Every structure is written in C-alpha cells, then in structure tokens.
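Visitor: Attaching a single structure in structure tokens format; questions to follow.
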There are 2 protein chains.
Amino acid sequence: MSTRLTLSLDAMGGDNAPGMVVDGVGLSLERLPHVDFLLFGDEKQLAPLLDKNPRVRDVCQIRHTEDIVTNDEKPGVALRSGRNSSMRLAINAVSDGEAAGIVSAGNTGALMAMAKFVLKTLPGIDRPAIASYFPTIRGESLMLDLGANVVCDAENLVQFAVMGEVFARNVLGLEQPSVGILNVGSEELKGHDSVKHAFNTLQNIDLPIKFHGFIEGDDIAKGTVDVIVTDGFTGNIALKTAEGTAKMFGVFLKDAFLSSTTSKIGGLLAKPALNKLRMRMDPRRYNGAMFLGLNGICVKSHGGTDALGFANALDVAVELITDGLNDVIKEDLAHLDSVPQEESSGS
Amino acid sequence: MSTRLTLSLDAMGGDNAPGMVVDGVGLSLERLPHVDFLLFGDEKQLAPLLDKNPRVRDVCQIRHTEDIVTNDEKPGVALRSGRNSSMRLAINAVSDGEAAGIVSAGNTGALMAMAKFVLKTLPGIDRPAIASYFPTIRGESLMLDLGANVVCDAENLVQFAVMGEVFARNVLGLEQPSVGILNVGSEELKGHDSVKHAFNTLQNIDLPIKFHGFIEGDDIAKGTVDVIVTDGFTGNIALKTAEGTAKMFGVFLKDAFLSSTTSKIGGLLAKPALNKLRMRMDPRRYNGAMFLGLNGICVKSHGGTDALGFANALDVAVELITDGLNDVIKEDLAHLDSVPQEESSGS
C-alpha cells in the first residue's frame, strides 16, 4: 500500500460537480494517503476550490478543459463530439498510462461508451457490465449488470458470472463466493432462454465457481448468494425498486414516529439506534458502481451524490487497482475460452 | 350488493390448505354476507372443518374430489392430467355458470394455464396478465404483468396498459388513472424494442388513457403512476425485490431497537405506531393477484398465505365481479381493434 498511485477524475461530472469532487478528495485524504489525483475540468472553477484547501491541492493536478458531457447527451453523440470533454480526457489518462483508474459521476451511458471505446474490453469479454454492492441481511452482495446492457444473451450472463465471482473472491475477499442467476423462480424449467442456457453452461463450467442456480427477487436482500447475475434491464429495475422501497419504508417509519406523543418520545430515545439503521441503508455507502470487463479500472459514482458518496467511489477505485482485479479476471477467462463454443453448440 | 353471488374455491390449493381456506371464508363472513362458496376438494378433510364452524358451513357446499395439483407440477402436465383436480373443477364451475369467479392459492402456472384453457381470453387480448396492488407513498398502485408472461412484445404491453387502466378506473375508482411503462430510464430513447414500441403506440392510442410515459424502478414506491405496465419477468422480480427489501428493513429495524436499553424503551413506547407501520406494509393486505384478460374472474392468492390473506383474496374476487370489470375491458377493447395493426405497420 506504500507505492503511490494516480487516479484521474472527471471533475465536471455529477450534479454537484466540481465542488463535491474536490470535497470528496478532501474526505479521502486520510484513508488514501498514497493517492494522487488528476482533475480534468475547468481550471477557472477548480483552481479557487483547491486554493481553499491546500492539503487537497498538494495531491491534485488540474488538467484544463472547458468541454463537458451533459447528462442528457446520447452516448453515441458524446463519443463523437466529446473528444475534449473532461470525461474523455480523464479516460484517456488511463489508456496513456498516466493514471491507474478513472472515476466519474457523469452521464453513465456516455462514460460506458467512451470507456469501452478507449480502454477496450478484456480478452474474452464481449460486453462490460455495471456492478455494485447491495446491502443484505447477511452483509452485502455484488450484483451485475445494473444497466450497461439492456438485452443480454446467455454468453453475456456467463461472462458476468465469471467476472463477478473473481471480483467477490479478490476484492471482497470471500473464499468461495456463491453465484446465482436472477429469475422468476428457482426451478430449472422457469424463465426465458438466456437464463436457462446460462444456467446450463454454469452448471458444467470448467472453473471452480460455486454456482447456486437460480434465485428470485427476494433472495437479493436475503443475501442468498454473494454474486447476483442478471441482464442490465432487470438489474437496473431491481436496484431502483429496492432503493425506492427503502425510501418508502423510511417515510412510513417517520410517519409512524410522528403519529402520537408517546411514539415521538419513543423515537427520540431510539434515535441513536435509528441513525445506525439509516447509515446501514445509506445509499452513499454503496456508491461507486464498477464497470467490470474493461481493460482498465473505471468507477461510476452516482450523479446526484455528495462529497461523502464520491469519496466512497474513490475508495472503490483504489481497491480495484490494489487488488489487481483485471489481472485475475484475465487469468480466469484464459482458462475459459471454451465458453462461447459450449454455449452455441450446447442447448 | 344485495344480490347473492357464488365463488368457487380451490379448497386444496396453498401451503396451509384446506384449513386456511375454510378459516378465510370464516373471516369474510361479515364483510361478504351475500356470498356463497363452492369448496372443491377432499370431503374427508373438508367436512370436519366445516362441522367445527356451522356459520361457515351454512354458506359452503363441498364438491368432492381427491385429485390435486401439486406446487411443483409443470403447467402443461397439470393441464393434461389434472382434469379432476380441485383447481380444474373450481375453474369449470365458472365456465359452467355455477360460480361468478374462482379463487385459488395453488400453483400459479397451472392455474393460469387451466384458466386460460377453460375460460379463454377476452376478445382482443392475446395473453392474460397477473396484476396486483403495490403499496406506495401516495397510496397504492396496480402493477402488471407479475409473472404470467416471461417474454412480452409491444402488443402485449399495450393490452396490459388498457386492462390496467380500466381496472384502476372501475375497481380502484380513480377518475383518470395514469399509466406508465417500467423501463431503465425515463427518456424516450432508453430501453429495448418492446417498451419503445409500446410507448409509441400508447402515445397515439385512440382511447382517453392518461399515458405518463416511462417510469423507473424507484417510481413504483413513489406512486408516480397509478398503473405500472411491465413484462412478467421484470414485474415478478421487481415485486419480489420490493418484498425482500421491506423484510430486510424490518430485520434491521428490529436490530436497531434491540441494540441498547434506551432504544429498547424507545421501541416499547413507539410500539403501537410501529404496529401500524407493519400493517401498512403487511403483504397479506396486498394478497390476491388478479388474472386480467380472462373471460371470467380468477384470483390467485399467495401460496403461503394464512386465513387473513385468503380472506383478502376473496374480497378482491367479489370486488371484480361486482364492478363488472370484464364488461368494461371488453367495451374498451372493442374501440381498440386497430392496435395490433398499428403496431405491426407502425415502428
């Protein structure tokens, strides 16, 4: 951990950028004393922010550009016309070897398109996936894809399973992480063709993956498996449905405590415990979606996050780099060059 | 409401059948004084249960059969070999005109297959959908499909939208219910072909539907729209993800209250309010999934429910019958015979 490393940041990405990016770096100073930052963005805005915080300034270098990718820009357009954007230049820094990874809170689709174009995918991976942690009753699980690929075939799902398993083993430090495919039932005969074929392939795969089989939506929060594999359409909707339900529960809970004087007093007495609960469910703790399958580390912070959330995304990027995630994925995939063939001839 | 009506019940369906079926009828006696019940199932089990409760016995008629559909039976097998099952005979009672609707807590796939085979679909509907209520911050919304159709095309989604809207207007009593399609983003360009084509059709549809457009997963609990339209794969996973998240929240909340003596006292003081919260989220309150699009009223109770949940499913069935739901759906669909053509020539 004593070797210094450099992260490149899209300093203009996110609703609260560039302020929350600079503040996020500030919050991470103690946890990440060995990290330097390249800040891509508007010098006129960034310099005064750094001047206010000399400790942050010491670990940051501004790389000026006035171009930005907006939130409503289509990925294709951003790719063609955003060559000098803060997002694109920050990604270039990784392919140029200047930085070990990139973090952005900007437009997800544009970030994925640009990162895929510049960094390329790992050998054996057709499509990168967005992965993130989910809080569960048992602790936390990893879920992918959360929205990069709206339609996925069986081969994509198998690749997600391999990447997710490697991630859970190396980054989460689990000895034998279990992997499940999200489906409408746990029986083999349920679901559509992609999940059924992926099920068959993973049951016979030539890797020591602990394949659990199918899981259902309520297994996510139960923590039934360590790695949840799904297509980007279903994954994105499951993620946001869970977030929405948690928020609703919070609103209902507040209503309940405000409903009578006695319950108000009860709420005051239980406040420290309830704050702990809030922290446990705090989406900022789970901020930092990883783009897995790219030939380079790329972390997407939530667009609406604050400095605390952005600092968590920085932690995630550093973790992925330090654990050498991509090297292990490459190694595992090299063992597995038979997957696509198995799939097409298999079922 | 004073005209008597008859419901046919699959008395052997569900984990706790037939006890919870008979008890469920008992719980509904006061709310449904105008309803008689045909109980299809094993007389040796049912008669002693009814003998214990003469008030229930007065409104029930046993129709003996020893055949049942098990939970792990494939729909196709159940359809072929379950001709004398309690489930099938209960459905037959509706097509024979003996009962105005059927309720079962048995195997969902088998119930859908049999109901579709016996009752047929409404004119203009290709595939029936499973619909249910969702609790939301604003009140409650209707969501469909929740698992009947794992793969849906645009035409199916449009038909679900029409059925859901009619339902919300007539059964929920909303004047102009809003309808949204579940997607990975609210912008028009997001998602896969089915949702995009359904979006186009609904924007130009020749019915006074208040079409909101796309919604995302977190809009479900927000109550952004009254009717949420989605395919059965996504809907089933969203439903169960929400249920799982709510349960996790409950576990975390309990942990929080038990974490210190002060918070324990707080929990005791807030107990009545917390019980209200629990009731508000109680899945039994939302028990009773409607099979919409069938030429007959068919309600599926959760397989693991108890008498309280089953009684709610009975309420739902009676409501659908009393409101003449299917007549209104037929009327609206008759106006709409242009949808399929529009779809295939449209986009």
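Values in this text are rule-based calculations from the coordinates and carry no lab data. Everything quoted here is computed from the prediction, not taken from an experiment. Cβ sites come from the backbone with ideal geometry, for glycine too, and all protein chains shown count toward neighbours.
Visitor: In the Gaussian network model of chain B, springs joining C-alpha atoms below 10 Å, which of B:Leu239, B:Leu274, B:Leu38 carries the largest mean-square fluctuation?
Guide: Greatest mean-square fluctuation among the candidates belongs to B:Leu274.
Visitor: Check the straight Cα-Cα distances from A:Lys271 and name the lysines below 23 Å, setting aside those fewer than 8 residues away within the same chain.
Guide: By straight Cα distance, A:Lys271 reaches A:Lys247, A:Lys254, B:Lys247, B:Lys254, B:Lys264, B:Lys271, B:Lys276.
Visitor: Running Debye on segment A:161-287 with equal point scatterers at the Cα sites and no solvent, what base-10 log of I(q)/I(0) appears at q = 0.12 Å⁻¹?
Guide: Ignoring solvent entirely, the Cα scatterers give -0.60.
Visitor: Something else now. Fewest to most neighbouring Cβ within 10 Å: what's the order for B:Leu325, A:Leu294?
Guide: Ascending number of Cβ neighbours within 10 Å: B:Leu325, A:Leu294.
Visitor: Looking only at A:Thr261, A:Thr108, A:Thr305, which one moves most when chain A is put into a Gaussian network model with springs between Cα atoms under 10 Å?
Guide: A:Thr261
Visitor: Now, a different point. If you wrap a convex hull around the Cα atoms of segment B:111-214, how much volume per residue is inside, in Å³?
Guide: It is 117 Å³ per residue.
Visitor: Now, a different point. With 10 Å bins from zero, work out the P(r) of chain B over every alpha carbon pair and list the percent per bin.
Guide: Using 10 Å bins, I get a P(r) of 5, 25, 31, 24, 12, 3, 0 for chain B.
Visitor: Please find the FRET efficiency linking B:Asp15 to A:Gln61, where r is the Cβ-Cβ separation and R0 is fixed at 51 Å, and quote it to the nearest 0.05.
Guide: 0.20
Visitor: Under the rule of at least 5 residues apart or a separate chain, name every residue whose amide H is placed under 5 Å from the amide H of A:Ile215.
Guide: Amide H neighbours of A:Ile215: A:Ile181, A:Leu182, A:Asn183.
Visitor: How far apart, in nm, are two points set 7 Å out from the Cα along the Cα-to-Cβ line at B:Thr70 and at B:Thr261?
Guide: About 5.5 nm separates the two model spin labels.
Visitor: Counting DSSP beta bridges with both partners in the protein assembly as shown, what percentage is antiparallel, nearest 5?
Guide: If we restrict to bridges inside the protein assembly as shown, about 25 percent are antiparallel.
Visitor: Another question, if that's okay. If we count other beta carbons within 10 Å of each Cβ, what is the order of B:Glu175, B:Glu66, B:Glu73, fewest first?
Guide: Ascending number of Cβ neighbours within 10 Å: B:Glu175, B:Glu66, B:Glu73.
Visitor: Between B:Leu122, B:Leu174, B:Leu258, find the one with the highest GNM mean-square fluctuation for chain B; connect C-alpha pairs within less than 10 Å.
Guide: Answer for the Gaussian network model of chain B: B:Leu258.
Visitor: Where the centroid of each part is defined by its Cα atoms, how far is segment A:97-121 from segment B:126-141 in Å?
Guide: Using only Cα atoms, the two centres lie 39 Å from each other.
Visitor: Report the Cα-based extents of segment B:66-152 along its three principal axes, largest first, to the nearest Å.
Guide: Ordered largest first, segment B:66-152 gives principal extents of 45, 30, 24 Å.
Visitor: Which lysines, on any chain, are close to B:Lys52 with Cα under 28 Å apart, when same-chain ones fewer than 8 places away are left out?
Guide: Straight-distance partners of B:Lys52: B:Lys44, B:Lys300.
Visitor: Short version: ³J(HN,Hα) in whole Hz for each residue of segment B:66-79, in order, from phi by Karplus 6.51 cos²θ - 1.76 cosθ + 1.60 (θ = phi - 60°), x for Gly and Pro, what are they?
Guide: 9, 6, 9, 9, 7, 5, 9, 6, 6, x, x, 5, 4, 5
Visitor: Here's a follow-up. What's the Kirkwood radius of segment B:206-250 in Å, using all Cα pairs?
Guide: Averaging 1/r across every pair of different Cα atoms and inverting gives 12.0 Å.
Visitor: Which is farthest toward the positive dipole end of the protein assembly as shown among B:Val229, B:Ala168, A:Val158, measuring Cα position about the Cα centre, with Cβ charges +1 (Lys, Arg) and -1 (Asp, Glu)?
Guide: After comparing all options, I get B:Ala168.
Visitor: I want to check the label-to-label distance for B:Arg278 and A:Asp327. Put each point 7 Å from Cα in the C-beta direction and report it in nm to one decimal.
Guide: 5.3 nm
Visitor: Also, I was wondering about something else. First select every other residue whose beta carbon is under 12 angstrom from the beta carbon of B:Asp218; then total the charges, Lys and Arg +1, Asp and Glu -1.
Guide: Charge balance in the 12 Å sphere: 0.
Visitor: Determine the calculated [θ] at 222 nm for the protein assembly as shown from helices alone, applying -39500 (n - 2.57) to every DSSP H run no shorter than 4 residues and normalising by the residue count; nearest 500 deg cm²/dmol.
Guide: Using -39500 (n - 2.57) per qualifying helix, the result is -15000 deg cm²/dmol.
Visitor: Still on this model: List the extent of the Cα atoms of the protein assembly as shown along each of their three principal axes, largest first, rounded to whole Å.
Guide: Cα spread of the protein assembly as shown along its principal axes, largest to smallest: 85, 62, 51 Å.
Visitor: Next up: Simple spin-label model, 7 Å along Cα-to-Cβ: A:Lys44 to B:Leu189 in nm?
Guide: Placing both labels 7 Å beyond Cα along the Cβ direction yields 2.8 nm.
Visitor: Listing A:Lys120, A:Lys196 from the residue with the fewest other Cβ atoms within 10 Å to the one with the most, what is the order?
Guide: The fewest-first ordering by Cβ neighbours comes to A:Lys120, A:Lys196.
Visitor: Something else now. Once amide H atoms are built 1.01 Å from N in the peptide plane, which residues 5 or more positions from A:Cys298, or in another chain, come under 5 Å H to H?
Guide: For A:Cys298, the qualifying residues are A:Ile102, A:Phe291.
Visitor: Evaluate Rg over Rh across segment B:1-119, taking Cα atoms for both radii and Kirkwood's formula for Rh.
Guide: My calculation puts Rg/Rh at 0.96.
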